[in-house]
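The structure under discussion appears below in the form of structure tokens.
No value in this document is a laboratory result; all are computed from the given coordinates. A quick note: this is a predicted structure, and the numbers were derived from the prediction, not measured. Using ideal geometry, Cβ is built from the backbone for each residue, glycine included, and neighbour counts are taken over all protein chains shown.
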Amino acid sequence: MKYSLLVPALIFSGTLFFAQEKIDLILPNENLIAENIAPIPKSLSEKIKKYSESRSANFSAIHPNGSEIIMVTRFASTNQLHRLSRPMGARKQLTFFDEPVNFATYEPTKGEYLIYSKDIGGNEFGQLFRLDLKTMESTMLTDGRRSQNGGVMWKKDGSGFYFSSTKRNGGDRDIYFMNPLKPSEAKLVLELKGGGWGINDISDDGKKLLIGEYVSANDSYLYLFDTVTGKLESITDRNEKKVVQGSAKFSKNADEIWYVTDRDNEFDRLATLNVKTRKISYFTSAIPWEVSDYELSKDKSKIAFETNESGLNKLYLMDADSKKYNEVKTLPSGLINNFEFTKDGKSLFMSQSTYDSSADIYKLDLASGKTERWTDSEQGGMLKSDMSEPKLIEWKSFDQMKITGFYYPVSKKFTGKRPVLINIHGGPEGQSMASSLGSGNYYTNEMGVALIYPNVRGSSGFGKTFIASDNGFNRMNSVKDIGALLDWIAKQPELDKDRIMIMGGSYGGFMTLATAYEYADKIRCSVDIVGISDFNTFLKNTEEYRRDLRRVEYGDERDPEMSAFFTKIAPLHNTDKIRKPMFIIQGTNDPRVPVTEATQMRDKLKTQGNTVWYLEAKNEGHGFRKKENIDFQRLAVIRFMEEYLLK
């Protein structure tokens, strides 16, 4: 543990002594490196506890018997697997690791064991394990080295599964087959080039795989792989650019597949493709939003699909023969994910959340449209009245492009102009949705700080033109979108333009750093979480399997002109313009944005005499996932806000 205080003081056993008083403190745990962070009184931890103890429940898999499910929730430090056998029943925890487990799939015939994935310290080198549900013993199935393993696709007879792995060379994602009862006999079945490959579906007879190749948020392709002959055949044209073609599934009709594509359209539509004639038929053109996910029933007669409509989800049910569909209107307005049909096709399990509730699991009866609640996750001590409800806002950017976001107002008990926290999502193709603030309700309900989650250009969910509008040399246009938001805030009578904090993670961290130097006079402070400080060094040091995928979005640093542009816009080379306090937060094991992106920024700011707080977790990667680390980060950010935003 490394912990340096912002102010001179004397500490004994977590107590801060001043001349005439003593204050019990929260100290960082042994895995945290904390530098220049102001003392955190234990009283603050007690005050925020009401907001920090909520949990969620996410659906993962249905047992072959159809009567029980696997879910993911947290009861200690990290998310783990739990079994649930009836609605609102007792949850039986199945895994008990220090590292989170967020995925599981049943062996598809008897369900006597699970396959799940787990990494170490957030390094994202996920390994596959078999959990025997009779003995509760786990066995590692993959090599345990610096490789990513996932995308499990079972053969219907349960004799084994196909999966993707980077183990051959660390950069290319190949396809393997494994009988999990004989993992040493796993074999490479398809050698590929690039890190964007994955398995979409398997035919009922197990002889064909639908393979997807992701190149960028605007380019993806589909292939048919014959598992008997080893032949890989293109379904879509690899020479055709700027078309999304993904999430492919076999139809019950011979030679036909379902998939989503934005071909000849701004948004992803649900479509079918005849793999012999190449005829495409579109079925959701009347919905002016993207189809963000879909699922076929086991007999392929029904389809459930969801749309993303300005950051809210709607669920639809379609008859696969007639292609007629209707919206499920019995669900509350919110977010939906991880849905799957029961084996008999009569029901649909899903996870759902709203602004005043974190994710819980529901079962939808397709005939009646009624939902049955299976979990009711605790919200800590929060009441509905403590939770801020998001409002969709919009503003015009420098070029008149319309930008939107979600605004979370403060509690009505606060008066006067309120300070603002702008929280920018990562990706950059991510999207801020109308979700619950969770512990963030402390900001709006106890600190009187309004929150804005912008969806700057480059965000997903708003069409193919919008998502590509920040690529390459247009990178700083998204930063100008934040500049326009600062101008919008100045016009709002209830908001204080002189007290604005910028915060963001990953690409949102770059946006935070760039805003800190581009609009230094318009903000009070900033919090950079696993952010990119120089695209040149980032692309050099990010893991090999993702480097080419990121070059398509950001630009290729090997091109001298692009490299010069990266140097020009790099926050690392514009620190002389940063004049306000900054808090940098990073995971040591981050494979996406390496820790060096944080340390080089920290060191340069310190050398210049800037106020900079620093927090690094030695057992985390791309963001904190362990509750004890998350809790300390939250408290430290609140102290930072108290010192530099509210004073």
Next item on the list: Could you go through the stretch 350-357 in sequence order and give the Karplus-derived ³J(HN,Hα) for each residue, using 6.51 cos²θ - 1.76 cosθ + 1.60 with θ = phi - 60°, rounded to whole Hz, and x for Gly and Pro?
Entry: 7, 9, 9, 9, 10, 5, 10, 7
Checklist line | Reachable aspartates and glutamates from K363, criterion Cα separation under 20 angstrom, eight or more residues apart if same chain | finding: E68, D293, E295, D299, E306, D319, E327, E340, D344, E372, D376, E378
Notebook entry, point to check: Once amide H atoms are placed 1.01 Å from N in the peptide plane, what residues at a sequence separation of 5 or more from S469, or on another chain, have their amide H within under 5 Å of its amide H?
Noted result: G458
Checklist line | Helix-only mean residue ellipticity at 222 nm for the chain, each DSSP H run of n ≥ 4 adding -39500 (n - 2.57), per residue, nearest 500 | finding: -4500 deg cm²/dmol
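Let's see if you can work this out: charge +1 on each Lys and Arg Cβ, -1 on each Asp and Glu Cβ, no other charges. What is the dipole magnitude of the chain about its Cα centre, in debye to the nearest 20? Please report the intermediate quantities before stating the final value.
Details: 89 positive and 87 negative charges, 121 e Å.
Computed charge dipole of the chain: roughly 580 debye.
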Check: Out of the stretch 52-88, which trypsin sites (Lys or Arg not before Pro) are coil in DSSP terms and have no more than 16 other C-beta atoms within 10 Å?
Finding: none
Check: How far, in degrees from 0 to 90, does helix 475-490 lean away from the longest principal axis of the Cα atoms of the chain, to the nearest 10?
Finding: 60
Margin query: Below 15 angstrom from the Cβ of S351, what's the summed charge of the other residues (Lys, Arg +1; Asp, Glu -1)?
Written below: -2
Checklist line | For the stretch 48-55, 3J(HN,Hα) per residue [Karplus equation, 6.51 cos²θ - 1.76 cosθ + 1.60, θ = phi - 60°, Hz, x = Gly/Pro] | finding: 8, 4, 4, 9, 9, 10, 6, 9
Note to self: Rounding to the nearest 10 and keeping the result within 0 to 90°, find how far the Cα-based axis of helix 507-518 lies from the longest principal axis of the chain.
What the structure shows: 30
Item checked: In degrees, nearest ten, helix 595-607 long axis to first principal axis of the chain (Cα) -> 10
Item checked: Dipole moment magnitude, nearest 20 debye, the stretch 310-463 about Cα centre, only Lys, Arg, Asp, Glu C-beta charged -> 520
Notebook entry, point to check: What are the residues whose amide H is under 5 Å from the amide H of I37, where those residues sit 5 or more places off or on another chain and H is modelled from the backbone?
Noted result: S4, L6, Y614
Next item on the list: For the stretch 472-558, give the magnitude of the charge dipole about the Cα centre (Cβ charges: +1 Lys/Arg, -1 Asp/Glu; no others), in debye to the nearest 20.
Entry: 60
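Could you list, in their original order, any pairs among K249/K370; K627/K647; K396/K491; K49/K626; K156/K279 whose Cα atoms are separated by more than 21 Å?
Details: K249/K370 27 Å; K627/K647 29 Å; K396/K491 13 Å; K49/K626 16 Å; K156/K279 28 Å.
Correct reply: K249/K370; K627/K647; K156/K279.
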Next item on the list: Enumerate the amide H contacts of E372 below 5 Å, restricted to partners 5 or more residues apart or on another chain; note that Pro and chain-start residues carry no placed amide H.
Entry: K363, L364, D365
Next item on the list: Could you work out the local net charge near S67, counting Lys and Arg as +1, Asp and Glu as -1, over the other residues with Cβ closer than 12 Å to its Cβ?
Entry: +2
Next item on the list: Please name which of F462, N239, Y407 has its Cα lying farthest along the dipole of the chain towards the positive end, using unit charges on Cβ (Lys, Arg +1; Asp, Glu -1) and the Cα centre as origin.
Entry: Y407
